[in-house]
Each structure stands twice: as C-alpha cells, then as structure tokens.
Amino acid sequence: MTARNSAGDTDPMAGALFTYALRHGDDALILAQRLSEWASRAPEIEEDIALTNIALDLLGQARALLDYAGTLEGAGRDEDDLAYLRTEREFTNVHLVEQENGDFAHTIARQLFFSTYQLALYEELISSSDELLAGVAAKGVKEAAYHTDHATQWTIRLGDGTDESHRRMQAAVERLWPFTAELFEADDVDRALAEKGVAVDPSTLKLRWALSIAEVLSSATLTAPHSTWTSHGGRRGVHTEGFGYLLAEMQYLHRSYPDAKW
Amino acid sequence: MSDDAAAAREARLQEAFDALIDADERVEPRDWMPDAYRKTLIRQIAQHAHSEIIGMQPEGNWITRAPSLKRKAILMAKVQDEAGHGLYLYGAAETLGVDRDDLLDLLHTGKQKYSSIFNYPTITWADVGAIGWLVDGAAITNQVPLCRCSYGPYARAMIRICKEESFHQRQGFDILLTLSNGTPQQRAMAQDAVNRWWWPSLMMFGPPDADSPNSAQSMAWGIKRFSNDELRQKFVDMTVPQAAVLGLTLPDPDLRLDQESGHYRFGEIDWAEFYEVVKGNGPCNEQRIRHRVRAHEDGAWVRAAAAAYAVKRAERRAAEEVA
Amino acid sequence: MSAGEAGLPLWEVFVRGRRGLAHVHAGSLHASDAQMALRNARDVYTRRGEGVSIWVVPSAQITASTPDEKDPFFDPSADKVYRHPTFYNLPEEVRQM
C-alpha cells in the first residue's frame, strides 16, 4: 500500500503506522474470535459471561485499531473490509492468538501470556505521540489489567487445585510457551516508530513480562517450561495451519454476499 | 404442637397468605407459602432460567460467522445478556430452597424443560434477526406482566431482565430491516427466516386456554397475570404492523384485521407440532441438551479445581492465624 | 453433579451505583472464593457499567430478622436469608419437581 500523509505525499511513516495499527488490531481481532467460540460452552455460566466480556473488550480494541489503519491507508477500506476481505498472508497477528481454545486450561494459559504482554504494551503506549494509539491504550490498559487478573487467578486456581487441573494447566503452559517469544520480536516498523515516540519496541517489554509470568507460575505451583523451538512469522503474514480455518469461518458469510450491507 | 394446634396454625398462615395475594402484595423468601405455590414457582422460574441458557445456543451459533464486526459485537453482548438472565433467574429460584446444581441436573435429565422455541435451528444469518424480532418480542410480551408477579425475587429478576430485553428485540428488528432493504438475496433470506419462525413464536405462549389446566391456579396465585390466548393475541397485534414496516409477509393466509375488535385474527396453529416438540421430538431437542450436558461435563474438572483451591486457601489462612 | 459435592457456594451481591448513596442488593451468584465472587459480580451485575462499588457476602454469613414479631410468618428459628438447601435438608420426593 502507499500511505499518504495529510499533505497527500507518500509517507513512509504513515505506512509504518498503518502496519503497526493493523498488527495490533489483528492480535485483538483474532483472539476475540477465538474467545467468542466459548459462548454456551464455558465450565460455569459466570465464566461464560467473563470470557465473552474479554472477547468484547478485545473486539472493541480491534475495531478502533482497524478503523484507524483504514483511515491511514486512505484507500477507503473500513474495519469490515480489513477483517473480512484480507487473505491469510495479509493478516499480521502473532501465532499465539490464533491457537485453538483447547480445554479451559489452554484458553487461560493463552490469555495469561497475551494479556500480561498487552498490559505492558498499553502501559507504554499511553504516552505515544499518536493521539489515537494513546487513546486506545488508555482504555485498553484498564481492560488488559482486568484480563490479566482474570487469567492470573484462574492459572493459580487450576495450577494449585486438583491433580487433574494441575496436570492440564502444566500441559497448557508447555504447549503455548513456544508462541510467546514472537510477542517480543521487533522489526523495522517497531524500531522506526519507537524512535519517533509513536510506538513501543516490543523487545523492551520482555523482561517485565517474564518476571510477571514467573511469579504467577510459581504461585500456581507450575514449572516454567524450557522450549527448544519458537513459533513465529505472524507479523510477516505466515501463519499456522489452523488459521485458514478460522478465517474461513469468520469471513465466509460476508464474502458470500459481495457489496451487501449488514 | 398438637395436631389440632398445628392444623389451626396452618389455616391461619394460609389465610394470611391469601390476604397477601388478594392485596397484590409481594411474597418474600422467608414468608410462609403453600407447598404447591412454592413447587409451581420453582418449576416455572427454573424452566425460565433453563430457557435463557439453552437460548444462548441457537443465537451463539452465528457469533463466529457474523457478517460485520458491529453485528458480531452486538450478538456477543446479547448472548452474554442471556447468560446473565439465566443467573438472575437461578438466583430467584434458589431463594425457594433449591440449589442451582440440582436444577441443572433436572434440565440435563429432561425432568425440567425450557421454552420449546429453542428446539428450532438457526440455519441462516436472518434467523438471528427473526429470533430477536419474534422470539424476544414474544418473550417481552410474556415477561412484562411477570414484573408484577406475586413472588418478590421473581418479580425483581423480571424487572431487571425487561430493562435489558428491549435492546434485544430492537437489534433483531434492525437486522431484518437491513436485510429487507438489501440485495434480493438478503431480502429472500429474511423472508425465509420469518416463514420458519412465525408459527413457532406463536406457540411460545403455550396451548390454548381451554387446554391449560394449570393456568387458573397460577393466575389465582398472582404468578400468571394474563392467559395464554390473551398474551398471544397481544403479541400478534403488536407484531403485524411491525412486519409491514419490515416489508415482509407473515406466512398466514388467514391473517386479517377484524375492524370491530381492532385485533388481528390469525389461522389455526398446528398444535400437533407443538406437542411433538414439547415431548422431545423437535429438530434440535437432542442437540441442545447434548451440547449443554457436554459443556457441563467438560467443565467438571474446572469447578472441582476451583472448589479444591478455595479449601486449600481457607486452610492456609486458618493455619496462618494460628501460627 | 449435585449440591454439596463440588458445588460452589452462594454469595449475595450488593452494588452501589455511580451516583448512589448506598449499596443495594442486586442478586446472588456462585463462586468458589471471595475474589471469584467479586469478579463474577462485576461481570454479571455491572455489564451495563451500572455499579461502581461491589460488596459480596457468603449467603450463609447473613443473619436476617423480621421486624414485626407478631407477624404470623415470623419463625424465630429461621434467621437465615432464605430457605437454601445448605440451611436445611430437602426430602427426596421434593427434589423431583
């Protein structure tokens, strides 16, 4: 795409900002999609509401960021065009958020890892020189704090609950650990925008994240995994095999009726 | 207390209860109440709660495929509301001396029911609109009078629910309005959904008054304020003009305005279908329960873990206090 | 799963709205501990952004009274909020409702 600044000139910064807004919007969108699969399936009715609440928060963040990306691009694409008409290689979310829900422990582990990261991200992004990003972060920080607290409490409850829940929670942590490294991988876009005070270099969030996670795992009597591999490529549009199915389900109806309004 | 004295006390309590009902006042959880009143309420409130929970399935069916992010968000909020309504109602039932887990057991084993409307499938996006417009419309018609139910906790739960319900009906109407004013295929989708959901919505009000033996007692107890047929008529009268606004037809060739009474007369409902679905032979009965039971069973280890952890925490706290 | 096994206890929820003066009873819910009860209360009872301050109390911890001792309904032994199964035992036949 060729992003233009307000003077109508091609602007590499606008291009970078578009990419940045899109990737964080995609993270929130895809995780919201996964969480919404829990409706009517949660272990307790109260938890059904809690998970849907988190999904709604993330969807709200996604819409704000995708809408902003579309505006920056200046090609007339709105939030729905971006959500429903891009193909697999054009989505830039991290692999972590597209992982299947699995059992409740897997969903909680995924949430713990992501929300702890997102909280750190938003706390820094509040001071972004970009007004929209700062605004999304200001609202998002409260939401991410809540999501992190929810995931933390459940991680501890499950880790230190019964033998079965401990086993499942440990398995979930180990299964999802390889997807966490990608959260902190910085590229040129991150670095360029961070230099301008617009964005946060994600690699600077890693230590804080690691300390938080270590504390939670310890309280939960869980062992921090040592992974020999990491999964990445999401920011370059290279996703895991399950992602195609997620998109097919999410996009099929919208795509079936081109130019229709809903 | 001797048998005579006990009988006399019971008679006085019954008299006081009857006076309460006649004065249109509220019966509260700690009040004496006839056993039959309590049993009827438990069953009605529980089945209402079950309906909310089961109702999450046909609508939740379209969350992941919603055709716009706005519709997705609205649908998620709606389904979330239904879960919340279920909780309010289970809470009201519990004030009568039952545990939610026991009520869920009764649902899972088919001993308690839920509204038969949810035994129909949502096979297109327009079905989501039809449910919002027709099913929630019917539910509202039913629920507003319940806000004045004689049993306090149920009435208060209903007030809370009614406040949130009008948003649901408006959303369903809005989905259908957009479809009806959309492409020819969207219009056809909307009309098809209405064709399939109209008659089952009318059945939501239950059998004709003549075939409802329990209605009289419920009305005497102030639990039911209007008869099945009265509510059904109210719903039809409200809905027919709305269909005109939508530009959609209702699938009843006998539907016509009776100028004299101002009511819309409608055709014969297929009561055989109604009884079959209530009996368990509808398109989705088996699926709805299986889905619900599976969620419950899959979640057993989670609930067990939460309970176990709470015990551990309490023990640790107690140990700390002693130390 | 029946009551009492891994059944999560019942809590009463009180909410004071943004412009409210006092906490009002909003309803009840199940939770395994106080923290879960608070979180669930926030999710269930403040979904419309209604409440600001939330109190949760285990139902079993509430002692209730009736103001009028001459009230024919007054049963001095019934000092609990309502007739909940943890407060007394339901006979088997009553459970088949």
inquiry  = If I filter the stretch A:179-196 for residues that are out of contact with any Asp or Glu (no Cβ under 6 Å at 6 or more places or on another chain), within 14 Å of chain B (Cβ to nearest Cβ), β-branched (Val, Ile, Thr) and assigned to a helix (DSSP H, G or I), do I get at least one hit?
reply    = no
query = In the stretch C:18-35, what residues are free of Cβ contacts under 8 Å to residues at least 12 places away in the same chain, in contact with a helix residue (DSSP H, G or I) (Cβ under 7 Å, 6 or more places away or on another chain) and either within 18 Å of B:ARG100 (Cβ to Cβ) or surrounded by fewer than 16 Cβ atoms within 10 Å (Cβ to Cβ) (or both)?
reply = C:ASP33
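Quick one: would you say C:ARG83 is in a loop (DSSP other than H, G, I, E, B) and either more than 9 Å from chain B (Cβ to nearest Cβ) or modelled with pLDDT of 60 or more (or both)?
Numbers: in a loop (DSSP other than H, G, I, E, B): yes; either more than 9 Å from chain B (Cβ to nearest Cβ) or modelled with pLDDT of 60 or more (or both): no.
So C:ARG83 fails the test.
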query = Quick one: B:ILE63 ticks every box in (1) touching a residue at least 40 places away in the same chain (Cβ under 8 Å); (2) more than 10 Å from chain C (Cβ to nearest Cβ); (3) closer than 30 Å to A:ASP48 by Cα bar one, so which box is it?
reply = (1)
request  = Determine which member of the set A:LEU35, A:LEU85, A:LEU29, A:LEU51 is open to solvent by 40 Å² or more (accessible area, probe 1.4 Å), out of contact with any Gly (no Cβ under 6 Å at 6 or more places or on another chain) and within 14 Å of another protein chain (Cβ to nearest Cβ).
outcome  = A:LEU85
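Any chance you could count how many residues in the stretch A:13-46 are in contact (Cβ under 8 Å) with a residue 24 or more places away in the chain and farther than 17 Å from A:GLY234 by Cα? Break it down stepwise before answering.
Filtering the stretch A:13-46 for residues in contact (Cβ under 8 Å) with a residue 24 or more places away in the chain gives A:13-14, A:16-35, A:37-38, A:42-43.
Now drop any that are not farther than 17 Å from A:GLY234 by Cα, which leaves A:13-14, A:17, A:35, A:37-38, A:42-43.
Counting residues in the stretch A:13-46 that are in contact (Cβ under 8 Å) with a residue 24 or more places away in the chain and farther than 17 Å from A:GLY234 by Cα gives 8.
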request  = With the condition kept exactly as written, say whether any residue in the stretch A:131-139 is buried (at least 24 other Cβ atoms within 10 Å of the Cβ) and within 23 Å of A:LEU72 (Cα to Cα).
outcome  = yes
inquiry  = On the basis of being among the hydrophobic types (A, V, I, L, M, F, W, C) and more than 10 Å from chain C (Cβ to nearest Cβ), does B:ALA23 make the cut?
reply    = yes
remark   = Scanning the stretch A:140-177 residue by residue, those surrounded by fewer than 22 Cβ atoms within 10 Å (Cβ to Cβ) and in a loop (DSSP other than H, G, I, E, B) turn out to be A:ASP160, A:THR162
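Looking for whichever is outside any loop (DSSP other than H, G, I, E, B) and closer than 23 Å to A:HIS106 by Cα here; the options are A:SER218, A:SER231, A:SER227. Which one fits?
Values: A:SER231 fails: outside any loop (DSSP other than H, G, I, E, B); A:SER227 fails: outside any loop (DSSP other than H, G, I, E, B).
So the residue among A:SER218, A:SER231, A:SER227 that is outside any loop (DSSP other than H, G, I, E, B) and closer than 23 Å to A:HIS106 by Cα is A:SER218.
Can you confirm whether B:GLY222 is open to solvent by less than 10 Å² (accessible area, probe 1.4 Å), of a type outside the set (Phe, Trp, Tyr) and part of a loop (DSSP other than H, G, I, E, B)? Can you show your working first?
Numbers: open to solvent by less than 10 Å² (accessible area, probe 1.4 Å): yes; of a type outside the set (Phe, Trp, Tyr): yes; part of a loop (DSSP other than H, G, I, E, B): yes.
Yes, satisfied.
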request  = Mind listing whichever residues of the stretch B:276-303 are under 26 Å from B:VAL236 (Cα atoms) and without any contact (Cβ under 8 Å) to a residue 24 or more places away in the chain?
outcome  = B:GLU276, B:LYS279
Whichever residue in the stretch B:96-121 is among the β-branched types (Val, Ile, Thr) and surrounded by fewer than 24 Cβ atoms within 10 Å (Cβ to Cβ) and, among such residues, is farthest from the other protein chains (Cβ to nearest Cβ) = B:ILE117
task = May I ask you to list the residues in the stretch A:58-76 that are over 18 Å from A:LEU31 (Cα atoms) and among the acidic types (Asp, Glu)?
result = A:GLU73
request  = Search the stretch B:66-95 for residues being more than 7 Å from every other protein chain (Cβ to nearest Cβ) and farther than 17 Å from C:HIS30 by Cβ, and hand back the single one that is surrounded by the most Cβ atoms within 10 Å (Cβ to Cβ).
outcome  = B:GLU82
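Yes or no, residue by residue, for (1) at pLDDT 85 or above; (2) part of a loop (DSSP other than H, G, I, E, B); (3) under 23 Å from B:PRO29 (Cβ atoms):
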residue: C:ALA3; (1), (2), (3): no, yes, yes
residue: C:ALA6; (1), (2), (3): no, yes, no
residue: C:SER28; (1), (2), (3): yes, no, yes
residue: C:GLN35; (1), (2), (3): yes, no, no
residue: C:ARG39; (1), (2), (3): yes, no, no
residue: C:VAL44; (1), (2), (3): yes, no, yes
residue: C:ILE54; (1), (2), (3): yes, no, yes
residue: C:GLU69; (1), (2), (3): no, yes, yes
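The values are calculated or read from the model by the stated rules, or taken from the named source; none is laboratory data. What you see is a predicted model, and the numbers here were worked out from it, not measured in a lab. Quick reminder, even Gly has a Cβ in these numbers, built from the backbone with ideal geometry, and neighbours come from all protein chains shown. Protein only, heavy atoms only, side chains kept; ligands, DNA and RNA dropped before computing areas. Shrake-Rupley method; radii C 1.70, N 1.55, O 1.52, S 1.80 Å.
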